[in-house]
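Remarks on the structure that follows.
The values are calculated or read from the model by the stated rules, or taken from the named source; none is laboratory data. These figures come from a predicted structure and were not determined experimentally. Cβ placement follows ideal geometry from the backbone for every residue including glycine, while neighbour counts extend to all protein chains displayed.
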Amino acid sequence: MSVAKTKSSNKPCAAEILLQGFVNSAAQEGESFDTVERSVFCSVLEIGKSAMALFVSLQGHGDLGPSVNTEDDKRVVHVHDPLYFRHP
């Protein structure tokens, strides 16, 4: 089995190593394709969730306050009324 390499080096990242170990073990134990696929998918979702949580913690939630000026100096106001954008 080939493991994708990180862009900065020829070494696989930690997540790839863990998944490769899981897949090798599952193959040796004769796990079904469906079981392995579901486990890998759940693992990938958890990795993505962790990555996005880290991104938000580093970047912030994006709330710029009640209003913000755009690059072309237009003022955009945050509307707090959830019914404001209801379609007829």
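Quick test of your reading of the structure: Asn10 fulfils all but one of (1) modelled with pLDDT under 85; (2) in a helix (DSSP H, G or I); (3) not aromatic (Phe, Trp, Tyr). Name the failing condition by number.
Status for Asn10: all satisfied but (2).
For residues that are surrounded by 10 or more Cβ atoms within 10 Å (Cβ to Cβ) and hydroxyl-bearing (Ser, Thr, Tyr), scanning just the stretch 14-68, find the one that is nearest to His78 (Cα to Cα).
So, considering only residues that are surrounded by 10 or more Cβ atoms within 10 Å (Cβ to Cβ) and hydroxyl-bearing (Ser, Thr, Tyr), the one nearest to His78 (Cα to Cα) is Ser50.
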